[in-house]
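Student: Quick one: the structure is below, questions incoming.
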C-alpha cells in the first residue's frame, strides 16, 4: 500500500503558499497529528479514528475534513462507511520548505557540538589528574 503520492517538490515545482498554509494549519492540532500517526500505520474507518478521542464522532469528522482539505488524507465512502488513508505528499512539500531554513539551526548545532566537546575534554583532563592522585595516595 503506497502511503505517499508524488509531491510538487518531487516534480520540481514550488508548493503554493495556500497549500503550505493548509498543511501547517492542519498539523498544528494534536488530534489531527494523532489521526495522521494512526493512518501512517494503516487505512482506517472514521469510527476507528474516533475511538481514542474523548469527543463526538462529529467533532472527529471536522478534524478529518481539515486534513482532507489540506490534502493529507483521502476519504473513500461506500454507502455510510467512510475509510480514510494517508496521502503524505503535502507533508513532504512542507518538510522540503522547512528544510531550506536548516542552515540557520545547523550552525547552532555545530557550535553546540564544539562546546560540548570542549567541556568533555576539560572534564577528562580534570578527572584524569584526580584519578592519578587517588591511585598514587593508595599505593603509598
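Student: Want the number for residue 104 to residue 51: 0.36 nm per residue separation, take away the alpha-carbon distance, what's left?
Tutor: 15.0 nm
Student: Averaged across orientations, what area in nm² does the convex hull of the alpha carbons in segment 17-96 project?
Tutor: 5.1 nm²
Student: Now a separate question. How would you rank 24, 109, going from fewest to most other Cβ atoms within 10 Å of each one's own Cβ?
Tutor: 109, 24
Student: Residue 74 to residue 42: extension gain in nm, 0.36 nm per residue of separation minus the Cα-Cα distance?
Tutor: Once the chain is fully extended between residue 74 and residue 42, it gains 10.2 nm.
Student: Arrange the following residues from fewest to most other Cβ atoms within 10 Å of their Cβ: 123, 83.
Tutor: Taking fewest neighbouring Cβ atoms as first place, the list is 123, 83.
Student: In nm, what is the difference between 0.36 nm times the number of residues separating residue 125 and residue 28 and their Cα-Cα distance?
Tutor: 30.3 nm
Student: With a cut-off of 19 Å, note down the residues of segment 45-73 whose backbone N falls inside the zone around a label point 7 Å from the Cα of residue 16 toward its beta carbon.
Tutor: Inside the label zone: 66-73.
Read-outs throughout are calculated quantities, based only on the coordinates presented, and are distinct from any laboratory measurement. Fair warning: this is a prediction, and the values are worked out from it, not measured in the lab. Glycine gets a Cβ as well: all are built from the backbone with ideal geometry, and neighbour counts include every protein chain shown.
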